Amino acid sequence: MLARVFSCAVVGLDGLVVEVEIDAISGLPGVDIVGLPGKAINESRQRVQTAIKNSGLPFPRRRVVVNLAPAALRKEGPAYDLPIAVGMLVHQGVLPLHALDDAVLIGELSLEGSLRHTRGILPAAAAARAAGFRRIFVPAADAREAALIPDLEVYPLETLRDLYDFLTGARQLQPVPATRMEAASPPPVLTDFADIRGQEHVKRALEVAAAGGHNLLMIGPPGAGKTLLARALPGILPQMTLEEALDVTRVYSVADQLPADVPLVRARPFRAPHHTISHAGLVGGGNVPHPGEISLAHHGVLFLDELPEFSTRVLEVLRQPMEDKVVTISRAQGTLTFPANFMLVAAMNPCPCGYYGDPVRACTCSMSAVTRYQKRISGPLLDRIDIHIEVPRVAYEKLTGLQPGEPSAQVRQRVEQARARQRQRFAGIAGVHANADMRPAHIRQFCALDSAGETLMKAAMQQLQLSARAYHRVLKLARTIADLAGSPQIESVHLAEALQYRPKDLLA
Ligand SMILES: Nc1ncnc2c1ncn2[C@@H]1O[C@H](COP(=O)(O)OP(=O)(O)O)[C@@H](O)[C@H]1O
Ligand SMILES: [Mg+2]
């Protein structure tokens with residue numbers, strides 16, 4: 001008798017329904033798995049056999065073949081344990097033949113027959129729903145994640161036996177309630193602007209960056225507070241929309257980075273990979289392709305501290321995703337893409353010793369060493385950073401003497417208002433959510449200057465020798481600064497502030 005149950009594969013961030021067929025063939029007792037199984041799936045033979053036995057259920061005494069369809073899709077990971085085990089029980093007539101025709105089954109089995117947390121449940125549940133399935137059976141640990149998908153009954157399983165008992169009527173099993181998704185209170189602020197003394201111009205730059213989604217680079221000596229300031233950024237970022245939260249959760253689910261008690265990621269990601277990170281760790285990849293740090297930073301911040309310490313190869317690969325907001329990973333079975341719409345925040349010392357240009361401490365680097373250090377960051381990468389800001393050292397006496405600054409929550413309100421203006425402006429324009437995303441045509445449409453502004457811009461272009469790219473950068477920033485001020489028109493003051501954030505030639 002041919003038995004058939006349904007499961008789900010995850011390709012990139014998308015789920016795809018997979019059929020699991022079981023049939024008997026002639027030969028010695030045992031299990032063959034066909035249909036492009038990956039290595040982990042072949043291991044599932046032993047797990048399934050032991051789990052069935054330890055659940056007090058019978059294992060086929062003949063040779064059976066497990067076919068995973070579609071065959072062209074490579075099947076990876078342990079998520080097929082449960083459907084294979086259940087398929088074998090159906091095949092033997094232990095479970096009724098058509099009881100699971102409306103259900104998708106996912107989950108890794110332990111040897112004793114319990115269900116382990118399995119990655120990628122959210123995209124799988126979404127695919128199951130989209131394919132018209134009514135029910136999904138998942139490890140209990142992952143049920144709240146699956147229950148983010150509406151109109152799908154999510155059955156939590158502690159063990160394989162739970163499912164058997166449920167289908168044979170020996171016990172009840174209730175679907176979990178839909179996971180609540182209404183707006184939560186903003187996540188706690190870990191590093192508050194109020195606790196950072198002085199550095200008002202840097203805080204302002206961070207506010208502008210947050211308001212318009214602009215990339216930002218901080219340059220300054222060690223101990224100036226660059227890392228501290230960067231870590232305060234999440235506290236002023238606008239709250240994620242529900243749609244953004246679901247996007248981010250999908251990435252974390254597939255990357256297997258979703259905290260156990262968090263079915264929905266609410267806080268904007270802040271990722272700070274170490275400069276020794278590998279290429280695959282940063283952009284994603286691997287045998288079973290996982291999202292990398294740039295995708296884990298989707299809708300949030302990618303913080304590259306000590307920027308010149310990153311290998312030039314790693315920095316080069318950032319260019320394409322910064323342009324396209326997605327990263328493409330090529331592999332034997334073709335390419336796949338992960339989202340990577342992040343805000344880049346970078347920090348660096350001005351030179352190897354860190355004190356080039358410091359008013360107090362002398363720099364010990366040779367001129368050529370300073371040049372080489374700064375040249376490590378390529379022009380094309382710098383070109384994609386709208387805000388360049390110097391972070392000078394604050395004297396200790398000044399630090400302790402200064403009043404506490406404005407709290408992050410207050411700054412965030414201005415950022416939210418500026419974002420709301422941008423949402424209105426860009427409604428219906430695909431791929432443009434914030435001022436930083438504007439392309440030249442949008443800049444022409446939304447960043448018109450008045451005659452005073454035109455005069456100022458013309459003078460700046462000549463005196464500062466701004467390139468066309470720099471010109472666009474300044475206009476986008478000026479738009480954000482005007483939005484923060486609640487001004488429909490870009491005024492000269494906004495433009496003047498925007499000009500402050502251009503890259504300075506530190507060696508000049
Ligand atoms: N403006 C500031 N207000 C409060 N603490 C500060 C300030 N600047 C630096 N610090 C403290 O000094 C230390 C060094 O700051 P850090 O951010 O690591 O500097 P950098 O990254 O520029 O080398 C941190 O422990 C930080 O808490
Ligand atoms: Mg630092």
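Rounded to a whole number, what is D in µm²/s for segment 3-167 from Stokes-Einstein with the Kirkwood radius over alpha-carbon pairs (25 °C, 0.890 mPa s)? Mind showing how you got there, number by number?
Details: Rh = 15.3 Å.
The diffusion coefficient I find is 160 µm²/s.
Assigning unit charges at the beta carbon (Lys, Arg +1; Asp, Glu -1) and nothing else, what dipole magnitude in debye, to the nearest 20, does segment 3-167 show about its Cα centre? Spell out each step's value before the answer.
On the way: 17 positive and 19 negative charges, 89 e Å.
In total the dipole reaches around 420 debye.
Between ALA127, PRO177, GLY87, whose Cα lies farthest towards the positive end of the dipole of the chain when Lys and Arg beta carbons carry +1 and Asp and Glu beta carbons carry -1, centred on the Cα centre?
It is ALA127.
Would you mind ranking LYS325, LYS458 by Cβ crowding within 10 Å, fewest neighbours first?
Working: LYS325 14, LYS458 11.
The fewest-first ordering by Cβ neighbours comes to LYS458, LYS325.
How much length is gained on full extension from GLN172 to GLU316, taking 0.36 nm per residue of separation minus their Cα-Cα distance? Can you show the working numbers first?
Working: separation 144, 0.36 × 144 = 51.84 nm, distance 5.58 nm.
Answer, rounded to one decimal: 46.3 nm.
Where a Cα-Cα gap under 20 Å defines reach, which aspartates and glutamates qualify for LYS39, not counting those fewer than 8 residues away within the same chain?
Candidates past the 8-residue exclusion: GLU19, GLU21, GLU76, ASP81, GLU108, ASP256.
Which order do VAL327, VAL262 fall in if you start with the one that has the fewest other Cβ atoms within 10 Å? Show your work: numbers first, answer last.
Details: VAL327 24, VAL262 13.
Fewest-to-most Cβ neighbours within 10 Å comes out as VAL262, VAL327.
Using the count of nearby Cβ atoms within 10 Å as a rough guide to exposure, how do ASP483, ASP32 rank from fewest to most? Mind showing how you got there, number by number?
Numbers: ASP483 26, ASP32 14.
With the sparsest Cβ surroundings first, the list reads ASP32, ASP483.
Defining a contact as two alpha carbons under 8 Å apart and six or more residues distant in sequence, what relative contact order in percent does segment 3-167 show? If you can, show how the numbers build up before the last one.
Numbers: 381 pairs, mean separation 41.6, N = 165.
Relative contact order for segment 3-167 comes out at 25 percent.
Ranked highest first by the average count of other Cβ atoms within 10 Å around their residues, in what order do 172-179, 3-10 fall? Intermediate values should be presented prior to the final figure.
On the way: 172-179: 12.6, 3-10: 24.0.
Listed from highest to lowest mean packing, they are 3-10, 172-179.
For LYS398, give me every one of the lysines with a C-alpha distance below 18 angstrom, ignoring sequence neighbours fewer than eight places off in its own chain.
LYS203, LYS226
Within 10 Å, count the other beta carbons around each residue, average over each peptide in 385-392, 267-274, and list them highest first. Show your work: numbers first, answer last.
Numbers: 385-392: 21.0, 267-274: 18.6.
Output ranking for 385-392, 267-274: 385-392, 267-274.
Every read-out reported here was derived from the displayed coordinates using simple, explicitly stated rules and does not represent laboratory data. Note that the structure is predicted; figures quoted are calculated from it, not measured. Cβ: placed from backbone, ideal geometry, glycine included. Neighbour counts: every protein chain shown.
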